[in-house]
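Asks: Below is the structure I would like to discuss, written out as structure tokens.
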Amino acid sequence: MKRFFLSDLLAGLLFSLLGFYILFEIAYFPVDEGNIPGPRYWPRLIALGLILFGLWLAGSKIYSRRMTAIKPNLHHPHQRQVLTILVMTIFYILLWSLFGFFIPTVLFLLGTMFVLFPFQPKQKVRGSIRISIYSLLIALFVYGSFYLGLHVPLN
Amino acid sequence: MDAILQAFVSLFQISNLLMLLAGVFLGMLIGALPGLTATMGVAIFTPLTFFAPPEQGLCLLLGIYTAAMFGGAISAILINTPGTPAAIATTLDGYPMAKKGEAGLALGLSALGSAGGGLFSVLVLALIAFPMARFALQFGPAEFFSLAVFGLSMMIAVSGGSIMKGLLLGLLGLFLATIGIDPIHGFNRFTFGIKELVGGVSFIPILVGLFGMSEVLNRILEGSLQDKVLRSKLGRVFPTKAEIKRVTPAFWLSSVIGVIVGVIPAAGGDIASLISWEQAKRFSKKKEEFGKGSMEGLVAAETANNAVIGGEMATMLTLGIPGDAVTAILIGSLMMWGLKPGPLLFQDHIDLVYQIIAILTVATLFSLVISLYRIQTLGKWILKLPDYILNPLVLLLCLVGSYAINNSLFDVWIMFGFGVLGFVFRKLKFPLGPIVLGLILGSMAEANLRRFLILADGNWFQFVFHPIALTLFVLSSLALLSSFKKAPSL
């Protein structure tokens, strides 16, 4: 049985919107001179394609009338892990720009491993010690490889 | 002949050999771990090669690519989970063999089939690349534009699922390629005053995000597979003479199919192995064994997914068109070193072409030796690597690797953005291949279309007078039309 998703409808509309945005933006580009295609020529073709196919995707979902939405279930442990790691990554990049590479990296690894580690009820202390050691070792390895080995200024 | 020998001799310098061994080892690891693909591995390690000479960088990347194809069979056979998409067909007969207590033999046969297919395809690459490049030297703007359209249409046609989604992502890739200075007039487009965008969006961080970070997120979402690891003994690895004789016809058939599929832009190892498995079944005297632990089925699948490598390389090196996502990233790497794949590569950097042939040959042989002699240890060791270490490590490599290209946190944000976008697209069943191809082929398509239209005084009808271009347009239309017919939904 065919399955159609509400998310496809939204995605189709978003792609069409992107197409309209490109058309709006290229209105300020230099115009084509005679038969010589200018900077707006190619983006215009892309924009028309995005609008046409985006509306087609969205329209086909409306026409099918069999829409079901993919609902995020944030109570599911794996989905919560993904979301937590995404937030941690944002903070990590911000901390990296403020405090340099090494300490934020150790904290980031510690945090992500803490989220993903399968803790057993009576082994929390042992597990925490283990992930702390791994975090430090991996951070040292990456720092050593990139900064000392490849001379990438990780600051 | 001297040039090829010279390429082999230079490969045996200690620095090149070390890079190649590292690539093969990493490739085995990446290929064997379910969820980590050859594309992801090559994408993550590409930024590292920026600091090395092209020859060493290629040793690492081609080593990963070749060995990942071997490694993909390990988890496909032992836990019925293909390590890479190209190993999907391997599960059909590999896992039933493992269940029958022939896991070692399945791993041995898959390694031999992979090596044979890989070496056959390298030989074909050496034979066809030069005539293909000479032919491509006749190409003008019309032909290059039609070639870009052909590459894109093939990628959309074979990407599976919804054609409309493939088209939309292909267009998104083409749009991303327009960001920065326009190739003919030098006008700044879609840069929003951000100086980092003037030279165009960084290609590698986008790929690392789409194929590296999004796969890590996907792995976390889908949970651990380690509980399923087969813990029984693997048994003998080497096949007998009678067994080799039995699988030989399937081997030759799959080698040829693999190379042909590889030459076609965008058709990769997954398609080649499935077609080969089907064809081997059709010609086999023991059809009933297929899907229940047939040695012929296993060899057909594994030979074909390695035989595509030479075909894909031929298309990539001679025409500058990526055969799949991995070759798309390799094109990005070559560009990073100031080398432009295409017919001119055969005039200006012929030594590099020979080096690629040498690297692929030696990488295949290294992978074979490691597979045959260390496969038992490797299989068990690889499948025990805990997710809570692997996922943060890969994510960190994605972040640091993206930074290392230009020493810029802007690229890290780009990688992060496309990582999230790639993850969302995966969940919505959008194929990621077309976006990469659009990004790579975008500037080639635009520049050549505009050059052609300038020469043709704006007349699109002039394409009729370019038979190669016209043929490619017809083939593109046919590919899209046939996939519209076959697709389960638009």
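Asks: Provide, as a two-decimal number, the C-alpha radius of gyration of the stretch A:77-149 over 2.2 N^0.38 Å, N being how many residues it has.
Replies: 1.19
Asks: Now for a different question. Using only the alpha carbons of the protein assembly as shown, determine the length spanned along each of the three principal axes and report them from longest to shortest in whole angstroms.
Replies: If we take the Cα atoms of the protein assembly as shown, the spans are 74, 58, 58 Å.
Asks: If I model a spin label at A:ILE133 and B:LYS241 as a point 7 Å from the Cα along the Cα→Cβ vector, what separation in nanometres do I get?
Replies: In this crude label model, A:ILE133 to B:LYS241 measures out at 5.3 nm.
Asks: Based on Cβ point charges of +1 for Lys and Arg and -1 for Asp and Glu, what charge dipole magnitude is obtained for the stretch B:2-486 about its Cα centre, in debye rounded to the nearest 20?
Replies: It comes to approximately 1440 debye.
Asks: Tilt of helix B:38-49 relative to the longest C-alpha principal axis of chain B, in degrees (0 to 90, nearest 10)?
Replies: So the helix axis and the longest Cα principal axis differ by about 60 degrees.
Asks: Name the residues whose placed amide hydrogens come within less than 5 Å of the amide hydrogen of B:ARG189, ignoring near sequence neighbours (fewer than 5 apart) on the same chain.
Replies: Under 5 Å from the amide H of B:ARG189: B:GLY180, B:ILE181, B:ASP182.
Asks: While we're on this one: Which value, in debye to the nearest 20, gives the size of the charge dipole of the protein assembly as shown about its Cα centre, when Lys and Arg are +1 and Asp and Glu are -1 at the Cβ?
Replies: It works out to roughly 2520 debye.
Asks: Moving on to the next point. How much length, in nm to one decimal, is gained on full extension between B:LEU470 and B:LYS292, taken as 0.36 nm per residue of separation minus their Cα-Cα distance?
Replies: Full extension of this stretch gives 59.5 nm more.
Asks: Below 16 Å, Cα to Cα, which aspartates and glutamates can B:LYS429 reach? Residues fewer than 8 away in the same chain don't count.
Replies: A:ASP8, B:GLU215, B:GLU222
Asks: Please work out whether chain A counts as rounded, prolate or oblate from its C-alpha gyration tensor, where a ≥ b ≥ c are the square roots of the eigenvalues and a/c under 1.5 means rounded, while otherwise a/b larger than b/c means prolate and anything else oblate?
Replies: oblate
Asks: Which value in deg cm²/dmol, rounded to the nearest 500, describes the helix-derived mean residue ellipticity at 222 nm for the protein assembly as shown, given -39,500 (n - 2.57) per DSSP H run of n ≥ 4 and division by the residue count?
Replies: Computed ellipticity for the protein assembly as shown at 222 nm equals -24000 deg cm²/dmol.
Asks: Let me ask something else. Taking Cα atoms, how many degrees apart are the long axis of helix B:433-455 and the longest axis of chain B, rounded to 10 and kept between 0 and 90?
Replies: 30 degrees
Asks: With solvent modelled as a 1.4 Å probe, how much accessible area in total do chains B and A shield from it at their shared surface, in Å² to the nearest 100?
Replies: Roughly 5600 Å² of accessible surface disappears when B and A pair.
Asks: Hey, another quick one. Ignoring ligands, DNA and RNA, please state the percent of accessible area on the stretch B:2-486 from carbon and sulfur, probe 1.4 Å.
Replies: That share works out to 67 percent.
Asks: Let me ask another. How big is the Cα convex hull of the stretch B:2-486 in projection, averaged over all directions, in nm²?
Replies: With every direction weighted equally, the projected area is 22.4 nm².
Asks: Please report the relative contact order for chain B, taking Cα pairs under 8 Å with a sequence separation of at least 6, and give it as a percent rounded to a whole number.
Replies: RCO, chain B: 29 percent.
Asks: Can you give the FRET efficiency to the nearest 0.05 for A:ARG126 and B:PHE410, using r as the Cβ-Cβ distance and R₀ = 51 Å?
Replies: 0.80
Asks: Could you work out how far helix B:387-406 tilts from the main Cα principal axis of chain B, as a 0 to 90 degree angle to the nearest 10?
Replies: 30 degrees
Asks: Same structure, new question: What is the spin-label model distance, in nm, from A:LEU83 to B:GLN347 if the labels are put 7 Å beyond Cα along the C-beta direction?
Replies: That separation, rounded to one decimal, is 5.8 nm.
Asks: Moving on to the next point. For the stretch B:284-360, what does the alpha-carbon gyration tensor say about shape, rounded, prolate or oblate, given a ≥ b ≥ c as the root eigenvalues, a/c under 1.5 as rounded, and a/b over b/c as prolate?
Replies: prolate
Asks: Right, next: Longer than 19 Å from Cα to Cα, which of B:LYS245/B:LYS287; B:LYS195/B:LYS340; B:LYS241/B:LYS281 are they? Say none if no pair is.
Replies: Among B:LYS245/B:LYS287; B:LYS195/B:LYS340; B:LYS241/B:LYS281, the Cα-Cα distance tops 19 Å for B:LYS195/B:LYS340; B:LYS241/B:LYS281.
Asks: I would also like to ask the following. Compute the convex hull volume of the Cα atoms of the stretch B:183-223, divide it by the residue count, and report the result per residue in Å³ as a whole number.
Replies: Hull volume normalised by residue count: 89 Å³.
Asks: Take the Cβ-Cβ distance between B:ASP457 and B:LEU127 as r, set R0 to 51 Å, and report the resulting FRET efficiency rounded to the nearest 0.05.
Replies: According to the calculation, E is roughly 0.75.
Asks: Using each residue's phi in the stretch A:80-92, evaluate 6.51 cos²θ - 1.76 cosθ + 1.60 at θ = phi - 60° and report the 3J(HN,Hα) Karplus result to the nearest Hz, with x for Gly and Pro.
Replies: The phi angles translate into 5, 4, 4, 4, 4, 5, 5, 5, 4, 5, 4, 4, 4 Hz.
Asks: Another question, then. Stretched out fully, how many nm does the piece from A:LEU140 to A:LEU55 gain, at 0.36 nm a residue minus the Cα gap?
Replies: 25.6 nm
Asks: Sticking with this one: Just check the stretch B:333-455 against the gyration tensor rule for me: Cα atoms, a ≥ b ≥ c as the square roots of the eigenvalues, rounded for a/c under 1.5, and otherwise prolate or oblate depending on whether a/b exceeds b/c.
Replies: Here the stretch B:333-455 falls in the oblate category.
Asks: Quick one: what does P(r) look like for the stretch B:55-158 with 5 Å bins over all Cα pairs, in whole %?
Replies: Distribution as computed: 2, 11, 13, 14, 15, 15, 12, 8, 5, 3, 1, 0 percent.
The values are calculated or read from the model by the stated rules, or taken from the named source; none is laboratory data. Bear in mind the structure is a predicted one, so any value in this text is a computation, not a measurement. All Cβ positions, glycine included, derive from the backbone under ideal geometry; neighbour counts span all protein chains shown. Calculation scope for accessible area: heavy atoms of the full protein, side chains included, ligands and nucleic acids excluded. Shrake-Rupley method; radii C 1.70, N 1.55, O 1.52, S 1.80 Å.
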